[in-house]
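Okay, structure first, notes after.
The values are calculated or read from the model by the stated rules, or taken from the named source; none is laboratory data. As the structure is a computational prediction, the values presented were derived from the model and not from experiment. Ideal geometry is used to build each Cβ from the backbone, glycine not excepted, and the neighbour counts take in all protein chains shown. Keep in mind that these areas ignore ligands, DNA and RNA; they rest on the heavy atoms of the full protein, side chains included. Shrake-Rupley method; radii C 1.70, N 1.55, O 1.52, S 1.80 Å.
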Amino acid sequence: HYRGGIEIFKKNKIIGSGFKTFRFECKNDKKKNISCPSHPHNIYIELLSDTGSIGLIIFLILNFFIIFKFFRYKLFKDQSSTIFFSAFIAIIFPLKPHGSLFSTNNAFMIWFILSFLIWSIIKKNEKRKN
């Protein structure tokens, strides 16, 4: 699966092939020994193949922003934020297989946890200003 995603990325490195197009692009690629599931089972390779370098860079910047703010605002002192942060790190860990980032229950969990962490950061930032 990973090899197929990397081959699709090589065709269009900047902007990728488009959202949720992995299965179609993979079938168009006639190379042998590449299986064509609905997604490459790794969110980073999926981002590379679907959104290209630009999409992956935006995703990584967002993740580093969340991690930086979590420690800067000392959100680890809040138990619920720590639990969500731990789940977020476990889900986005790059060396494990993942569900699709755009269309699975795994995607729902990623975006739900990410939205909670962003909300926690905004809430903490507002408290610091007051």
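Just to be sure I understand, how many residues within the range 99-108 are open to solvent by 10 Å² or more (accessible area, probe 1.4 Å) and under 19 Å from Leu56 (Cα atoms)?
Total satisfying the criteria: 6.
Tell me which of these Ala107 doesn't satisfy, since it passes every other one: (1) at pLDDT below 85; (2) out of contact with any Leu (no Cβ under 8 Å at 6 or more places or on another chain); (3) under 30 Å from Lys123 (Cβ atoms).
Condition not satisfied by Ala107: (2).
Between a residue in the range 49-71 that is farther than 27 Å from Glu25 by Cα and any residue that is among the hydroxyl-bearing types (Ser, Thr, Tyr) and open to solvent by less than 30 Å² (accessible area, probe 1.4 Å), which pairs come within a Cβ distance under 9 Å, given they are 6 or more apart or on different chains?
Lys69/Ser120; Phe70/Ser81; Phe70/Ser120
From the set of residues in the range 109-130 that are open to solvent by 100 Å² or more (accessible area, probe 1.4 Å) and either without any contact (Cβ under 8 Å) to a residue 24 or more places away in the chain or among the hydrophobic types (A, V, I, L, M, F, W, C) (or both), which is farthest from Glu46 (Cα to Cα)?
It comes out as Asn130.
Only one of Ile43, Ile61 is closer than 27 Å to Arg3 by Cβ, at pLDDT 80 or above, loosely packed, with under 13 Cβ neighbours inside 10 Å and under 12 Å from the mean Cα position of the chain (by Cα). Can you tell me which?
Ile61
Of the residues that sit in the range 74-98 and are surrounded by 16 or more Cβ atoms within 10 Å (Cβ to Cβ) and under 12 Å from the mean Cα position of the chain (by Cα), which one is modelled with the lowest pLDDT?
His98
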